[in-house]
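Enquirer: To start, I am sharing the structure in question, which I have written as structure tokens.
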Amino acid sequence: MPRYADSIQSLVDLLNRLPGIGPKSAERLAFHIVKLSDDEREQLVRALQNVKAGVKRCSLCGQWSGASPCPICANRNRDHAQLCVVAETQDLAAIERTHEYHGVYHVLGGVLNPLTGVTSEDLNINTLTNRIEKGNPKITEVIFGLNPDVEGETTILYLTKLLRPLQVKLTRLARGLPLGANLEYADEVTLGDALKGRRTL
């Protein structure tokens, strides 16, 4: 990758550290920022400063929010006896977009991953057990809304062992065939999950 003027190279290097941004994307973004008008660049700087100053973790669920408690935790119309455990705030937002879930959330801040050194101490697990033990109203169901990958499954297994003695109903999101899927090309695990999760019509 060629070296640019120090200020541009510094911006490229910083952008390259962002998740999902490779060297070429970092270059494109840096030069896009260079070409912005002064006003647009100033808006971008203000937006970055506002994120740092105006966003905090909710003291109850752990999601990034502008207030603590966040609007979801503070909403008395939500079902506070139903708790959906997700890895990150983005996962919470994805579930909210469905308009199908009306309980509250708990954001772990990641998932267990021994390969990268993420252990239970790095996650928001102690507050999860405290919420279940001392919740008012009492939490009656914990839904695991974690990705169906190795790390997500490992985290679900760990949390299941940890929470089972607390005598709370433990459930997980259903898995199966996506809309428009072709049975011929579906793998055995996905088909098996679809059969196990079938519903009466």
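Enquirer: So what does the Cα-only Debye profile of the chain read at q = 0.19 Å⁻¹, as log10 I(q)/I(0), no solvent term?
Expert: -1.30
Enquirer: Can you give the helix-only mean residue ellipticity at 222 nm for the chain, where every DSSP H stretch with n ≥ 4 adds -39500 (n - 2.57) and the sum goes over all residues, rounded to the nearest 500 deg cm²/dmol?
Expert: Helices in the chain give a 222 nm mean residue ellipticity of -13000 deg cm²/dmol.
Enquirer: Mind jotting down a quarter of the surface of the convex hull over the alpha carbons of region 116-201, in square nanometres, one decimal?
Expert: Over every viewing direction, the Cα hull of region 116-201 projects on average to 8.2 nm².
Enquirer: Calculate the FRET efficiency for A94 and K56 from the Cβ-Cβ distance with a Förster distance of 22 Å, rounded to the nearest 0.05.
Expert: My answer for the efficiency is 0.55.
Enquirer: Sticking with this structure for a sec: Between N126 and R76, what FRET efficiency follows from the Cβ-Cβ distance if R0 is 25 Å, with the result rounded to 0.05?
Expert: Taking R0 as 25 Å, the efficiency between N126 and R76 is 0.45.
Enquirer: Which distance in nm do the two modelled labels at A181 and D38 give, with both placed 7 Å along the Cα-to-Cβ direction?
Expert: 5.6 nm
Enquirer: Please report, in whole Å³, the volume per residue of the convex hull around the C-alpha atoms of region 73-118.
Expert: Convex hull volume per residue, Cα atoms: 81 Å³.
Enquirer: Could you sort the peptides 169-175, 88-94 by per-residue average Cβ neighbour count (10 Å cutoff), highest mean leading?
Expert: In decreasing order of mean packing, 169-175, 88-94 become 88-94, 169-175.
Enquirer: Beyond 11 Å, what share of the Cα-Cα pairs of region 1-43 is found? Please give it as a whole percent.
Expert: 63 percent
Enquirer: Of K52/K169; K161/K196; K24/K52; K52/K161; K138/K161, which sit over 31 Å apart, Cα to Cα?
Expert: Too far apart for the 31 Å limit: K52/K169; K52/K161.
A short reminder: the numbers here are calculations on the coordinates, not readings from a lab. These numbers come from a predicted model, not from an experiment. Cβ sites come from the backbone with ideal geometry, for glycine too, and all protein chains shown count toward neighbours.
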